[in-house]
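These notes are about the structure you will find just below.
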Amino acid sequence: MLIVTLTTDWKDGDYNTGRLKACILACCNDVCIVDITHNIQSYNTLQAAFIIKNTYKHFSAGSIHIIGVNSEPSPKNQIAVMKNDGHFFIGTNDGMLSMICDNAPDSLVALPYDDNYRGFRLLNALSTCVKLIYEGAELEKIGNNCQLNQVFSSKASCFESRIIGRVIYIDSFGNAITNIDKETFEQIGKNRKFEILVQNNMIKVTELSQYYDDVQNGKILALFNSTNLLELAINEGNIAKINSLDTKSSIMVNFGS
């Protein structure tokens, strides 16, 4: 059975979700549609990319992942279909898709749509795309080859004794997840002492925790989470809200000599 996942910023109760599901099921009834989330912040493709990158591998190969974030197509906002790592991804080609794959995708095509249609322009295009993939069509039969846009980099900047990164995701508890991974931290750090600086040194952490309750309630901590990314949190608190952190917040790790 084909799995189709939906990740959107349409919010719960948006009628477009029901319309899209109905159109997909009308094209191919032997599918399982999974709602990952419809509560992405409006137009926040960075947040959507993080969620998809850390969930898609748990679905079976061949799954189709529709990302309805900033998804109104136009000559300036191209919607693309990407095949990578045995999965298919459909979403805006503004740099979001490049954050999902670690290397160049297997194939990428621009998804055609009806420019004369007033309303949800992608409705029929998405369901038709799912049907063609379901039937085994190559992506070149769905659209024209296009370039993968990389508007922003998902990688932290590394130096001899410093890593400069940023917050890339705020979870439902207000924990701030960064783009600094454990492997990079260990390669640059070489077991040296360090200090993690956030928001122009307003927050400073000098040791890593293994558990949230390694520190007292209300205290700030840093740890590597289940995705092996550096996370900043407050034990039983909301570090993003208390310290005004968002996906634009800078993170710096300085290592001693």
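Points to keep in mind about this one:
- Total charge dipole magnitude, the chain, about the Cα centre, Cβ charges on Lys, Arg, Asp, Glu only, Debye to nearest 20: 420
- For segment 2-145, radius of gyration divided by Kirkwood radius, i.e. Rg to Rh on alpha-carbons: 0.91
- If R0 is 41 Å, the Cβ-Cβ spacing of ASP114 and ASN225 corresponds to a FRET efficiency of close to 0.45.
- A simple spin-label model places pseudo-atoms 7 Å from Cα toward Cβ; at GLU195 and GLN78 they are separated by 4.6 nm.
- Pair TYR43, ASP102: separation of 7 Å Cα→Cβ label points (nm): 3.3
- Residue-span extension gain [CYS146 to LEU208] - 0.36 nm each, minus C-alpha spacing: 18.0 nm
- Between the residues GLN199, ASN149, SER71, the greatest Cα displacement towards the positive end of the dipole of the chain, with unit charges on the Cβ of Lys, Arg, Asp and Glu, is found for GLN199.
- Extension gain from LYS155 to ALA137, taking 0.36 nm per residue of separation minus the Cα-Cα distance: 3.1 nm
- If R0 is 41 Å, the Cβ-Cβ spacing of ARG19 and GLU236 corresponds to a FRET efficiency of close to 0.50.
- Gain upon complete extension [ILE3, LYS248; 0.36 nm per residue less C-alpha separation]: 84.8 nm
- Residues considered: MET96, MET82, MET202. Largest GNM mean-square fluctuation over the chain, using C-alpha springs under 10 Å, is found at MET202.
- Here the sum of -39500 (n - 2.57) over DSSP H runs of 4 or more residues, divided by the residues of the chain, equals -5500 deg cm²/dmol at 222 nm, to the nearest 500.
- Among LEU126, LEU197, LEU46, the largest mean-square fluctuation in a Gaussian network model of the chain, built with springs joining Cα atoms closer than 10 Å, belongs to LEU197.
- Dipole axis of segment 202-254 (+1 Lys, Arg; -1 Asp, Glu on Cβ), positive-most option in THR227, GLN210, SER250: SER250
Since every read-out is calculated from the coordinates, none of them should be taken as a lab result. Just so it is clear, the structure is predicted and the values come from calculations on it, not from any experiment. Because the Cβ atoms are built from the backbone with ideal geometry, glycine has one as well, and the counts that use them run over all protein chains shown.
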